[in-house]
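Everything below concerns the one structure shown next.
No value in this document is a laboratory result; all are computed from the given coordinates. Owing to the predicted nature of the structure, the values given are computational and were not obtained by experimental measurement. So basically every Cβ, Gly included, is an ideal-geometry build from the backbone, and we count neighbours across all protein chains shown.
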Amino acid sequence: MALKAAPELDRTLAALADPQRRRVIELLREGPRRASDIAKALALKPPALSRHLRALKASGLVEDAHPAFDARVRIYTLRPQSMERLKTWLADTDRLWARQLLAFKDHVRRRGK
């Protein structure tokens, strides 16, 4: 992954470090939800949820939209692009560790002979 993507990945990982934010993500995996529905499902007070949603939006993990029927309502959805970047980084990291472990295994075999 390019170095210029590192701050974006840092924001994603920082947002996911909080258990309440991960719970919001889990709820949104089921489908779009209003902020009030998320707050009720997680037993969070609106100001606390608002802070979590701002962090998730800043990280690019979620987005909100106003439905045509009521501009006061916000519907939150997941943004799969951010998760794709995270999955790519995890796959790259996994490949690196796999190569390192194979090299170590070969080194131990050679020394054992």
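Name the one entry in LEU13, LEU44 that is more than 30 Å from ALA91 (Cβ to Cβ), hydrophobic (A, V, I, L, M, F, W, C) and touching a helix residue (DSSP H, G or I) at 6+ places or on another chain (Cβ under 9 Å).
LEU44
Looking for whichever is surrounded by 14 or more Cβ atoms within 10 Å (Cβ to Cβ), of a type outside the set (Asp, Glu) and touching a strand residue (DSSP E or B) at 6+ places or on another chain (Cβ under 9 Å) here; the options are LEU28, LEU49, LEU16, LEU86. Which one fits?
LEU28
So, SER82, is that one touching a Leu at 6+ places or on another chain (Cβ under 6 Å), in contact (Cβ under 8 Å) with a residue 40 or more places away in the chain, among the polar types (S, T, N, Q) and under 19 Å from ASP18 (Cβ atoms) or not?
yes
If LYS57 satisfies every condition in (1) within 12 Å of the chain's Cα centre (by Cα); (2) surrounded by 10 or more Cβ atoms within 10 Å (Cβ to Cβ); (3) in contact (Cβ under 8 Å) with a residue 40 or more places away in the chain but one, which is the exception?
With (1) within 12 Å of the chain's Cα centre (by Cα); (2) surrounded by 10 or more Cβ atoms within 10 Å (Cβ to Cβ); (3) in contact (Cβ under 8 Å) with a residue 40 or more places away in the chain applied to LYS57, the lone miss is (3).
What is the number of the single condition among (1) touching a residue at least 60 places away in the same chain (Cβ under 8 Å); (2) more than 26 Å from ASP18 (Cα to Cα); (3) among the β-branched types (Val, Ile, Thr) that VAL108 does not meet?
With respect to (1) touching a residue at least 60 places away in the same chain (Cβ under 8 Å); (2) more than 26 Å from ASP18 (Cα to Cα); (3) among the β-branched types (Val, Ile, Thr), VAL108 is out only on (1).
For a quick check of your reading: which helices (runs of 4 or more DSSP H) sit entirely within the chain and have at least 3 residues that are among the β-branched types (Val, Ile, Thr)?
80-112
Any residue in the range 9-35 that is over 14 Å from THR77 (Cα atoms) sitting within a Cβ distance under 6 Å of a residue that is surrounded by 16 or more Cβ atoms within 10 Å (Cβ to Cβ) and among the aromatic types (Phe, Trp, Tyr)? List the pairs, counting only those 6 or more apart or interchain.
LEU9/TRP89
Taking TRP97, is it surrounded by 11 or more Cβ atoms within 10 Å (Cβ to Cβ) and among the aromatic types (Phe, Trp, Tyr)?
no
State yes or no: is LEU102 under 19 Å from ALA17 (Cα atoms), aliphatic (A, V, I, L, M) and without any contact (Cβ under 8 Å) to a residue 24 or more places away in the chain?
Judged against the criteria, LEU102 is not a match.
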